[in-house]
1. If the elastic network links every pair of Cα atoms under 10 Å, which of 17, 77, 68 fluctuates the most in the Gaussian network model of the chain?
2. Consider the candidate values [x] 0.96; [y] 1.02; [z] 0.93; state which one is Rg/Rh (Cα atoms, Kirkwood Rh) computed from the structure displayed.
3. Which order do peptides 141-151, 106-116 fall in by mean Cβ count within 10 Å, highest first?
4. For the Cα atoms of the chain, what angle does the longest principal axis make with the long axis of helix 18-31, in degrees from 0 to 90, nearest 10?
5. Rounding to the nearest 20 debye, state how big the charge dipole of the chain is about its Cα centre with +1 on each Lys and Arg Cβ and -1 on each Asp and Glu Cβ.
6. Given an 8 Å cut-off on Cα distances and at least 6 residues of separation, report the relative contact order of the range 77-128 as a percent.
7. Provide the packing ranking of 155-162, 30-37, i.e. peptides ordered by the mean count of other C-beta atoms within 10 Å per residue, highest first.
8. What residues have an amide H closer than 5 Å to that of residue 130, excluding those fewer than 5 places away on the same chain, when H is modeled at 1.01 Å from N in the peptide plane?
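Just so you know, all these numbers are worked out from the coordinates, no wet-lab data involved. As the structure is a prediction and not an experimental result, all values here were calculated from the model. All Cβ positions, glycine included, derive from the backbone under ideal geometry; neighbour counts span all protein chains shown.
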Amino acid sequence: MWEHPESPPALPCIAVDFARAGELAARHLLGLGHREIGLLIGDGCGGLQDARSNGFRAAMRAAGIEADAAAVLQIRDSIDAGFAACMALMANRPQLSAIFATNDLLAIGAIQALITLGRSVPGDVSVIGITDIQLAHQVHPALTTVAIQTAAVAELSIQSLIRLIQTPERQPSMVLGPPPELVVRASTGPRRKR
């Protein structure tokens, strides 16, 4: 799965518009009234999750809001890292009303940290991720996320590989996969008036 549809690689691939995924997450939180938002950016494979955070920040800028640099942490991809990073964010920025994570593992860790701190999710702090892993709907509260249609991307990848084997000279270098889709669950809600 290629995360940069604006620059196709040398080999055929299936691209996903992760910048759009980040944009959808930002628009959702902004639509709920959130303005003070912490960002947890996963390291991915070679920093690929930058497209997700760039899309998120672009949507925030379009709404006239700049992300507070102190409320942005780049961390490794794990639930434990999301937990630790959220604990640090909330210690430094207790006024945050939402957390955006570039993947669901980080978001699930953030939910666990907020609950440990006695904060209500989404009453005090909303949390949103990207991917829609199976665990996303199994945690409590269930995670709002931007779904990446991984099964459809896998199917497109298999079809592309078969076509490449059959007619290697006639293959596009990149096929755009299904667009990301917002999946609203219980971890996001309106910003609480203070």
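1. The residue with the greatest mean-square fluctuation here is 68.
2. The listed entry that was calculated here is [y].
3. Details: 141-151: 20.8, 106-116: 24.2.
Ranked by mean Cβ neighbours within 10 Å, highest first: 106-116, 141-151.
4. 30
5. Values: 16 positive and 17 negative charges, 142 e Å.
My answer is approximately 680 debye.
6. Numbers: 73 pairs, mean separation 23.4, N = 52.
Over the range 77-128, the number comes to 45 percent.
7. Details: 155-162: 13.9, 30-37: 17.6.
Descending packing order for the listed peptides: 30-37, 155-162.
8. Under 5 Å from the amide H of residue 130: 103, 104, 146.
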